[in-house]
Each structure stands twice: as structure tokens, then as C-alpha cells.
Amino acid sequence: MKFLAFLLILSLWDVSWCQYEDEYDSYWWLSNMQSPQSQYNYGPSYDYNPAPPPLSVSDCPQECECPPSYPTAMYCDGRNLKYLPYVPSRVKYAYFQNNQITAIPDGAFDNATGLVWLALHGNQLLSDKVGRKIFSKLRGLERLYLQHNNLTRIPSGLPRSLRELHLSNNQISRVPANALEGLENLTALFLHENQINEVGSALRGLKSLVHLDLSNNQLRKLPDTLPDSLEQVYLEYNDLSSVPADYFKAHPKLQYVRISHNKLTNEGVPGTTFNTSSLVELDLSYNQLLRIPPVNTNLQHLYLQGNQIEEFSIKSFCTHVDITSFSQLQVLRLDGNEMKRNAIPPDTPLCLRRADIIHV
């Protein structure tokens, strides 16, 4: 009887041990299937499938995207749109660039007067199909991107709140005197790559303007006036042949002037034209200069390559040379002229003692 009891206990122990081994083997196999990062990782897996992204805001146009994480932004760019979608009132940043939009009808932004940024560049906008008061109701608009369109004139009714106005790569040929009226907060104006032949007095009221780009146009005359606040002016690739004697001296904050690829001659540039103490960089490359125009000793970068200069005049940089009087020039480019290397005066190192790069 005792022997039968012993056999029964032994059989039950074998079954329980086999069950334990099966459970252990199953657990090891599952853990390795779930966590393939290490073949020796027998612990539980922490891998999981992330939750699906939240849906866009309900009032977002079907053609666009309105990320819930950015509730004031609406992205409608690069979607082959031929019309302007509805803009919810909560939107402050609207992106419609790189589409095929040709018109902005009146009332398009009546529901979204709180817009701060409006990107409409890279479309096919026509001036005749842009409402004359379409932007006037956007009293908080700071940046307006209209470059790379088919505009033939600057839109009317621009809000006074504007800080940046991008109108490059259009077909604008003139800037009427009142086209920029009231834009006293504008700091940057981009009008390059157009067909502008005259600016006249249109810049007179831009009291905050810092950056002005009028390059790649058809200017034959400089603007009548430049704002006193201006620091950078880009005028390269035009048809300018002259600069008035005191044109830049009236602007004490002006630091960067680029007039390369024009038709400037020494006769059209009086001796004191560029002798302005505020200038840091002056680019006169690829013009028709025969002599180096006098510059202020505070100038640090001077580009004169691609002219017809034959003579190196030290007086263009230093009226006199001594231990305390010398030029601050760091970069001077004179390559592509008709000057010979032995034409450099021996006292040049004294005058240009700060120069790191000189190309002749």
C-alpha cells in the first residue's frame, strides 16, 4: 500500500515539473518574439504601437491641414489649388504658397482679420484679380509673401502693421508715389527681379525701413530719397550710370551698399560720393570705372573687380599715412581690371595695414 502511494506521488511530481518546463519554454519563446532587440533578453517587452495621430481641427478646409498642436496655423501649400480656400477666424498663419491660385476675391479674409503671416508666393496671381481692399482689413498683418507671381503693380490698401513685404519676381514696372503710403512699420522691402525703371519718392514715408532690395530691375535713376533708417541697400544689375555727390551721406545708419553690374563711370561718381563714415561694405564691381573712387577710412570691404581700373591710388584710401592714420579696410578686390601688379605704391602696406585679403 505504501509502495502504491509513493508511485502516485512520483507521477504527480513529474507532471507538475513538465508543466513548469512547458510554461517556462513558452514564456521564453514569447518574450524573444516580442523583444527581438537581444537574443538574451528574457524579460518582458516594452514595445507598443503608438496611438494614431489626432484628427485635424474640425473647421479646417478639406484641402488643407490644420495641426492641433498649432491651432493658429493652416497649411495649404503645394496642393495644386486654383482657388483660395476658406480661412477660419482662429488662423493667424496661413500658407498658400506653390499652388495655381490666380485671384484673391474681395472678402476672402473677412473672417480671418487676425492674420499675422500670409504666404501666397509661387502662385499665378494677377493684379486685376486681386481685390483693392483685400489686405486693408488685416490690421495685424506683419509679413506678406507675394513673390513669384504675375503681379504688374503693388497691391493697394496694404495694412500699416506690415513689417516685411515680399514682391520679388513679378512683373512690376513702376512704383507710384502713394503705393507704399502709411507703411511706417515696414522694415524690409523686397522688389528685386521685376521691371522697375523708376521709384521716385515712393520710399519717403518708410520711417522704419532697414533692408531695401531693388536689384535686377531696369533702374536708370536712384530713388529720389532713401529713409534715414536704412542700413542695407541692394541695387545691383540695373542701368545706373551715376550717383549724386551727397546721396549716401544723408543716411547715417547706412552700412551695406551694393551697386555692382551697372554702368557707373568716374564722371558719374563725384569724388566724395562714397566717402561716408557709416559704410562697412561697398560693392562697385562690374561697372565702367577707370579709377578707384575715394572711400572713407572706416570702410572694411571694397569690391572693384571687373572694371577698367589701370592705376592704384593710395589717396583713394588714405589722404595721408602715418602711425595713427590708416584705413580699416580688410578685403579689397581689384582682380579683372587692367592694373599691373608692380603699379602698387610702396606705402600701401602702411595705409592698408588691416587688410587680410587683397586681390589684384
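The values are calculated or read from the model by the stated rules, or taken from the named source; none is laboratory data. This one's a predicted model, so the numbers in the text were calculated from it and none came from an experiment. Here the Cβ positions follow ideal geometry from the backbone for every residue, glycine too, while neighbour counts run over all protein chains shown. When the accessible area is computed, the model is the full protein with side chains, heavy atoms only, and any ligands, DNA or RNA have been set aside. Shrake-Rupley method; radii C 1.70, N 1.55, O 1.52, S 1.80 Å.
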Extension length gain for ASP106 and LYS253 (0.36 nm per residue less Cα distance), in nm, is 48.9 nm
Rank-order 341-350, 85-94, 71-80 by packing density, defined as the average count of other C-beta atoms within 10 Å over each peptide's residues, highest first. 85-94, 71-80, 341-350
Rounded to the nearest 0.05, what FRET efficiency do SER277 and ASN342 give with R0 = 41 Å and r taken as the Cβ-Cβ distance? Could you check? 0.80
Rounded FRET efficiency, nearest 0.05, which uses the C-beta distance separating THR72 from HIS211 and R0 of 25 Å: 0.40
Given the Cα-Cα distance of ASN298 and LEU350 and 0.36 nm per residue of separation, how much length would full extension add, in nm? 17.2 nm
For segment 106-181, the Rg and Dmax computed from alpha carbons only, in angstrom: 11.6, 33
Gain on full stretching of the segment that runs from ILE358 to LYS137 - 0.36 nm per residue minus C-alpha separation: 74.2 nm
Surrounding net charge for VAL360, when Lys and Arg each add one and Asp and Glu each subtract one, Cβ distance under 13 Å: -1
State, to one decimal in nm, how far the label point of ARG163 lies from the label point of LYS315, with both points 7 Å from Cα in the Cβ direction. 4.8
Derived scalar couplings ³J(HN,Hα) [segment 196-201; Karplus, 6.51 cos²θ - 1.76 cosθ + 1.60; whole Hz; x for Gly, Pro]: 6, 10, 7, 10, x, 9
Rounded to whole Å², per residue accessible area for segment 303-343 with a 1.4 Å probe reads 56
Let me check I've understood the local charge: for LEU282, count other residues with C-beta under 13 angstrom from its C-beta, Lys and Arg +1, Asp and Glu -1. What total comes out? -1
Given a Förster distance of 22 angstrom, what is the FRET efficiency for TYR83 paired with THR152, based on the Cβ-Cβ distance and rounded to 0.05? 0.55
Hull-based mean projected area of segment 85-136, where the convex hull spans the alpha carbons, in square nanometres: 3.3
Can you give me the Cα centroid spacing of segment 305-342 and segment 222-271 in angstrom? 20
Give the whole-number value, in cubic angstrom per residue, of the convex hull volume spanned by the C-alpha atoms of segment 186-300. 85
